[in-house]
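Asks: The following block contains the structure, expressed as structure tokens.
The values are calculated or read from the model by the stated rules, or taken from the named source; none is laboratory data. Remember, it's a predicted structure, so these values are computed and weren't measured experimentally. Here the Cβ positions follow ideal geometry from the backbone for every residue, glycine too, while neighbour counts run over all protein chains shown. Remember, those area values only see protein heavy atoms, side chains included, never the ligands or the DNA or RNA. Shrake-Rupley method; radii C 1.70, N 1.55, O 1.52, S 1.80 Å.
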Amino acid sequence: MKPVISITGPTAVGKSAVADALAEHLGGEVISTDAMQVYRGMDIGTAKTPVAQRRVSLHMVDVVDPCEPYSAALFQRDARACLDRLLACDIAPILCGGTGLYIDAVLDDLCFPSGELTGAQRERYQRLAQSIGADALHDLLARRDPASAACIHPHNTHRVIRALEMCDEGASYAEQRAGFTSPRAVYQARRFVLTMEREALYQRIDARVDAMMHDGLLDEVRGLVAQGAEDALTSRQAIGYKELIAYMRGDLSLDEAVGLIKQRSRRYAKRQLSWCRRDDRNIWIDMGACDVPAAVRLILAQSEDA
RNA sequence: GGCUAGAUAGCUCAGUUGGUAGAGCAGAGGACUGAAAAUCCUCGUGUCGGGGGUUCGACUCCCUCUCUAGCCA
């Protein structure tokens, strides 16, 4: 069987164009691997390919409302179901997106504890963290699960809370992680990372943010806020949305908000590259040195010799 | 042309009666298994504008030149 092709890379590097061209060439379909494109109505800010411009089917976008929480575990379940459907029909699946954890959740044998995750529990821990402080919360974890506490920085409250949740489910963050030091693939896959010289990438990011504003990102955010998405746990954390919400509240000027969107996008791109570098299965393609057709040819060539 | 205030890290600046310099921001690197566009950690050598002088020693004092801003002609 041909390997599943995954395309990732920093934001604004041009992943979608390559994935679309590749899918068109192979008669395949694209599965988005992006944590924010799953939300309905978040289109401009997540750079979703507009429906009218789609030449191939795009899956795993618009799967939940912005008010609903979503997660890597749910994505794993839903995206694998989608992937299996395509494979059963002998349609080439192309994964394309910038969320490294989601890609690994689909392709590797990451397994999440099966317990129910209630938002109420998480909110309880958040309130606890606020009242006793990050260090005290970390101490609490240290008493319940010393191994996990040892591998999480005390200030990393998000992860401390997650480890506490896992204790409640009878699992251990540290044990879970130790078991997967060398990931095993559940799907045979070829992983490509599109990259570009930093300065050129940053220019593209800035230009794309300006284009998003021109395309009506502010109106999109207004519409989402009107639907009550402002308090959503996950979707409101998206870059481009939280800053414009701050502007609407009067906390920032519009110029400041746009500047912040650009800066956070740059830092996000940097984190994406860090994530990709540590996985030596990745095959890197310099988009500064080739155009879309050339990138497609490189991917095809690298995917044949299995 | 004259006077005044400046010129120190990519940017904005600090530098205490002379002992060759440090903050914020920007930026860079890293971690990452149910929030991941999230969350967290680490990283500061630069002709102190150029040249000369005083001094054991000058970013610091003196002279001079260059540039910038403002004021006066």
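Asks: Nothing charged except the Cβ atoms of Lys and Arg (+1) and of Asp and Glu (-1): what's the magnitude of the dipole of chain A about its Cα centre? Round to the nearest 20 debye.
Replies: 480
Asks: Hey, what number do you get for chain A at 222 nm if only DSSP H runs of n ≥ 4 count, each worth -39500 (n - 2.57), divided across all residues, to the nearest 500?
Replies: -16000 deg cm²/dmol
Asks: While we're here: Using +1 on the beta carbon of Lys and Arg, -1 on that of Asp and Glu, and nothing else charged, what's the dipole of the stretch A:132-188 about the Cα centre, debye to 20?
Replies: In debye, rounded to 20, the stretch A:132-188 gives about 220.
Asks: Return the whole-Å distance between the Cα centroid of the stretch A:240-306 and the Cα centroid of the stretch A:138-214.
Replies: A separation of 17 Å, based on Cα centres.
Asks: Oh, and also: Which of the lysines could be linked to A:K15 by a straight reach, that is with a Cα gap under 22 Å, when you skip same-chain ones fewer than 8 residues away?
Replies: Cα-Cα hits under 22 Å: A:K2, A:K48, A:K262, A:K270.
Asks: Can you sort A:H25, A:H158 by 1.4 Å-probe accessible area, starting with the largest?
Replies: Listed by decreasing accessible area, they come as A:H158, A:H25.
Asks: Still on this structure, please answer the following. Can you tell me, using C-alpha contacts under 8 Å and at least 6 residues apart, the relative contact order of chain A as a whole percent?
Replies: Relative CO of chain A lands at 28 percent.
Asks: Let me ask you something else. Roughly how many percent of the accessible protein surface of chain A is carbon and sulfur, given a 1.4 Å probe and a whole-percent answer?
Replies: So the carbon and sulfur contribution to the accessible surface is 51 percent.
Asks: Convex hull over the alpha-carbon atoms of chain A: what's its volume per residue in Å³?
Replies: 144
Asks: Under 5 Å between amide hydrogens, which residues at least 5 positions from A:I283 or on another chain qualify, with H placed 1.01 Å from N in the peptide plane?
Replies: Amide H neighbours of A:I283: A:R191, A:F192, A:V193.
Asks: Same structure again: Would you mind getting the accessible area per residue of the stretch A:33-147, heavy atoms of the protein chains only, 1.4 Å probe, in Å²?
Replies: 49
Asks: Something else about it: Sequence-distant or interchain residues sharing an amide H contact under 5 Å with A:V13, placed H: which?
Replies: Answer set, sorted by chain and number: none.
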